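Notes for the one structure printed next.
The values are calculated or read from the model by the stated rules, or taken from the named source; none is laboratory data. Small disclaimer: the values here were computed from a predicted structure and weren't measured. Cβ: placed from backbone, ideal geometry, glycine included. Neighbour counts: every protein chain shown. Ligands, DNA and RNA are stripped out before the accessible areas are found, and what is left, the full protein with its side chains, is counted by its heavy atoms. Shrake-Rupley method; radii C 1.70, N 1.55, O 1.52, S 1.80 Å.
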Amino acid sequence: MPFNITQEFVQQLLEQIAQLTKQVSELTAEISELQQTIKELEEKKNRNSKNSSKPPSSDGYAKKPASLHGRSGRKQGGQEGHEGANLAQRRPDRIVGCMPSKCAKCPRRDECMAKAKVTESRQVIDAVVTTEVVQYDRYRVTDCPLHGWSRDGRFPEGVNGPVQYGASLQALVVALNTVGTHLPS
């Protein structure tokens, strides 16, 4: 079958090639955009609280990866023979007895208290801040019987104003102002 190649046919083919080339360029650009979107979505999907600034609550209910450490065969917690580190009990300033609550109004409470034994002691160590107001009175001696003169007593060094804070309170304020502002939150 003979095939006739005319100028019109060639022109048609060139237009079709141009149209297809344009379409390929547009599709290539769209593929690049889609690949970039896929990459961004994969990065976003792989982000969690350990590798970004996201809060742990945004991690969802996904199961955490198993620990890479193998089991040691020991039970959790302190091991036998380990002494531990605790606060030591000291001589108390005040003792509060903790009797059963039902014994409080019992008419034979005193008999029970005489037989009761301490089964456990716990201590609470707390800082108690007290204030002490010290008044310094300056005396004037007039007409001394021995010497005949008048004199005024002197206030201790550092007592300069009618009312002022003492050295201990000033130190406490400084400590709370410096150390107290750096406590972990």
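For Gly84, only one of the following conditions fails: (1) open to solvent by 90 Å² or more (accessible area, probe 1.4 Å); (2) of a type outside the set (Val, Ile, Thr); (3) under 30 Å from Val128 (Cα atoms). What is its number?
Result: Gly84 fails condition (1) only.
Would you point out the residue of segment 116-132, among those that are open to solvent by 100 Å² or more (accessible area, probe 1.4 Å) and modelled with pLDDT under 80, that is nearest to Arg154 (Cα to Cα)?
The extreme case among them is Glu132.
Which condition does Gln89 not pass, out of (1) surrounded by 10 or more Cβ atoms within 10 Å (Cβ to Cβ); (2) not in a loop (DSSP other than H, G, I, E, B), if it passes all the others?
With (1) surrounded by 10 or more Cβ atoms within 10 Å (Cβ to Cβ); (2) not in a loop (DSSP other than H, G, I, E, B) applied to Gln89, the lone miss is (2).
If you go through segment 1-31, how many residues are open to solvent by 100 Å² or more (accessible area, probe 1.4 Å) and outside any helix (DSSP H, G or I)?
Number satisfying all stated conditions: 5.
Considering Gln135, Gln76, Gln35, which residue is open to solvent by 100 Å² or more (accessible area, probe 1.4 Å), within 30 Å of Tyr165 (Cβ to Cβ), without any contact (Cβ under 8 Å) to a residue 12 or more places away in the chain and not charged (D, E, K, R)?
Answer to the check: Gln135.
Could we say that Asp59 is acidic (Asp, Glu) and open to solvent by less than 100 Å² (accessible area, probe 1.4 Å) here?
The answer is yes for Asp59.
Only residues that are among the basic types (Lys, Arg) and either assigned to a loop (DSSP other than H, G, I, E, B) or at pLDDT 80 or above (or both): list them for segment 92-114, please.
Answer for segment 92-114, where residues must be among the basic types (Lys, Arg) and either assigned to a loop (DSSP other than H, G, I, E, B) or at pLDDT 80 or above (or both): Arg94, Lys105, Arg108.
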